[in-house]
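Comments concern the structure below.
Every number in this text was worked out from the coordinates using simple rules, so none of it is lab data. Computed from a predicted model, the values in this text were never measured in an experiment. Heads up, the Cβs are rebuilt from the backbone with ideal geometry, glycines too, and the neighbour counts pull from every protein chain shown.
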Amino acid sequence: MAASPSLWWNERNLFEQLPQLNKRFAEPGTQARLLLSVGSLEEPVITEGNPNPRQRLMQQRRRISNLNELFAALQPLRSLGLESAQMMLPGADHGGSAAQASLRVLDFARDQP
């Protein structure tokens with residue numbers, strides 16, 4: 001599970017590592033499940049005249065956009081054994097999303113084929 005991952009960190013370095021992940025899943029028998037989650041309040045829309053520096057920082061980190069991009073990039077690996085799902089946690093900010101995600105990951109794990 002990757003709950004509210006900091007995909008923005010280190011200049012989005014994780015995205016540069018996707019080719020290695022592709023190679024790993026090209027190996028026979030490699031299988032994994034991954035649940036990606038993010039809170040719906042983690043990428044606020046900034047309006048003109050809103051000087052709140054915390055909200056501006058959250059918007060710059062693009063947590064929701066980055067998670068959507070990662071989920072899309074992982075889809076070609078489905079046929080190679082990576083089952084991924086994404087979950088938007090309504091009303092959760094970065095701090096609150098961890099608690100919600102930890103409860104929901106149990107459902108994801110239980111539904112394992």
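Structure summary
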| read-out | value |
| --- | --- |
| Relative exposure of S79, S37, judged by other C-beta atoms within 10 Å (fewest first) | S79, S37 |
| Exposure proxy order (Cβ contacts within 10 Å, fewest to most) of V38, V105 | V105, V38 |
| Between region 1-41 and region 74-95, the Cα center-to-center distance that results, in Å | 9 Å |
| DSSP H segments from the chain that extend 27 Å or more along their own axis, Cα-based, with Kyte-Doolittle mean of 1.0 or above | none |
| Pairs of Cα atoms farther than 21 Å apart, region 2-110, % | 42 percent |
| Interchain or long-range residues, amide H under 5 Å from A2's placed H | L35, L36, S37 |
| Residues R56 and Q86, FRET efficiency given R0 of 22 Å [Cβ-Cβ distance, rounded to 0.05] | 0.30 |
| Long-range amide H partners of A92 with built H, under 5 Å | S40, L41 |
| Under 13 Å, Cβ to Cβ, from R33 - net charge with Lys/Arg +1 and Asp/Glu -1 | -1 |
